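Right, one structure below, let's go through it.
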Amino acid sequence: MSPILDNDFHHRIDLFEPGDKTALVCMDVPEVQRLVVENLTEIDYKIHTGLFLEDILLKLQTQTYDIVVVAEHFNASTKETNPILEASHELPNH
């Protein structure tokens, strides 16, 4: 699937099938996001990217990911106040 350009970011939503290695990438620096996505793609991960907090939290609630890559300071937060990190701790382990 080719990414769709969205304000310097590539928004990516691959279709997941059973047995796929899956990842959610939450970066707010386009160059870093691109590098993470490229590296995960090279090792055969199917990828969703998250650009906005509400979008990311919905994806975490509705999809199980093998890997979630989150910028510690995403959306100008700190490690202690990052809502994505907080929400990920509340998810059941699979």
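Tell me the Kirkwood hydrodynamic radius of the range 29-94 in angstroms, computed as one over the mean inverse distance between distinct C-alpha pairs.
Details: mean 1/r = 0.0783 Å⁻¹.
Roughly 12.8 Å, rounded to one decimal.
As I understand it, the dipole of the range 3-79 uses +1 on the Cβ of Lys and Arg and -1 on the Cβ of Asp and Glu, about the Cα centre. Which of L57, P30, I43 lies farthest toward its positive end?
With unit charges placed on the Cβ atoms, the residue in question is L57.
Output the peptides 16-22, 43-49, 27-33 sorted from most to least packed, where packing is the average of other Cβ atoms within 10 Å over each peptide's residues.
Working: 16-22: 11.0, 43-49: 17.3, 27-33: 15.3.
Highest mean packing first, the order is 43-49, 27-33, 16-22.
Read-outs: derived from the displayed coordinates by stated rules, not from any lab. Here the structure is a predicted model, which is why all the values come from computation and not from measurement. Cβ sites come from the backbone with ideal geometry, for glycine too, and all protein chains shown count toward neighbours.
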